[in-house]
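> I have a structure here, written as structure tokens, and I will follow up with some questions on it.
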């Protein structure tokens, strides 16, 4: 409360109001993150025809973000963003109440997406069992630690309503700096988690046998969560405002950056999955989902696992060998040689020696009934003669990918 002996506030002081800025920023960033979530759901639900658990986690996170926005708008309506001593009693109580009510949803909006990020990374990068346990344990512990902030926020006073209902007397409250110090530790741990989840894919990707440009692109896509680390660190510096006597004015920055952090993580978790949308918009390798059951290039593999350009080859495979995923656009009687080209592995009609593609590596023609005209009856040649044999070999990778090739052998009979 204001000091009764202090001089009356100036007109400029009374007119100061962060409310419009709060409304504009939180609505803009959450609307932007909603667009990314909608794009993600379009890719996973329509193009790929399969929503996974991390998609539902992001949807719940998005709902938490909008819940926080709605509550924060109500807090602004009651005076949040203005100096506390310029509000009347009713405004003070409601500004405090709605600001406190908005924090749980805000915390959930940036803690839940961490689970979605781990689900994505474990599916794409295939870490070891121990590392997988470590990742899930880290985000699980982070969720518990951040949940402790919510518990302390409402348990620090008995009864809890005494924090915003000033008519309650005899309330017992803990030191307000307990919540501040604990929240700063929790915020630091959250920032560390975001940083680790951003660095981990970069380290793994640079160990794989990929083109440098693709490595950089994937590192940026999967490591963009590092931005949320910066946001989390800055937001942590705003936490002491919870103990400020000018509560409605000082906590306005904390409200803004809490929602910005959640929106940043949500956007970062969606970006790596939007490559199919780019292909769809540009018209590349897309077929009618009603006829084929989904986005062809990003269909299901033979073992039932979902494929995409970001689902990388296992690091356990032999170095230097990259196998392309099967393209369902082509039937099983063709092998994919290069983008847009294919090569039939069935023998063409007699006399047809023209390749199916100018880029084809093998020209196949049906051999004559007697491949060795100097040998009567087509039997085995006499000892010491040299014959030329043309072989066509089709190799299959671990994921069912065909690797066409031909080999010429010379041997003596």
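> Report the calculated FRET efficiency for residue 217 and residue 155 (r = Cβ-Cβ distance, R0 = 60 Å), to the nearest 0.05.
0.80
> Here's another thing I want to ask about it. Using alpha carbons only, what's the Rg to Rh ratio of segment 15-280 with Rh from Kirkwood?
1.02
> For segment 30-100 and segment 125-181, what is the separation of their C-alpha centers, rounded to whole Å?
Segment 30-100 and segment 125-181 have Cα centres separated by 19 Å.
> At a threshold of 8 angstrom on Cα-Cα distance, excluding pairs fewer than six apart, so keeping six or more, what relative contact order does segment 133-266 reach in percent?
Relative contact order comes out at 23 percent.
> While we're here: Starting from the eigenvalues of the Cα gyration tensor, five times each then square-rooted, give me the equivalent ellipsoid semi-axes of segment 98-153, largest first, whole Å.
Its equivalent ellipsoid spans semi-axes of 28, 12, 4 Å.
> With an 8 Å cut-off on Cα pairs and a minimum separation of 6 or more residues, tell me the relative contact order of segment 15-280 in percent.
29 percent
Just so you know, all these numbers are worked out from the coordinates, no wet-lab data involved. Predicted model, so just to flag it, every value in this text is computed and none were measured. Virtual Cβ from ideal backbone geometry, glycine too; neighbours counted across all protein chains shown.
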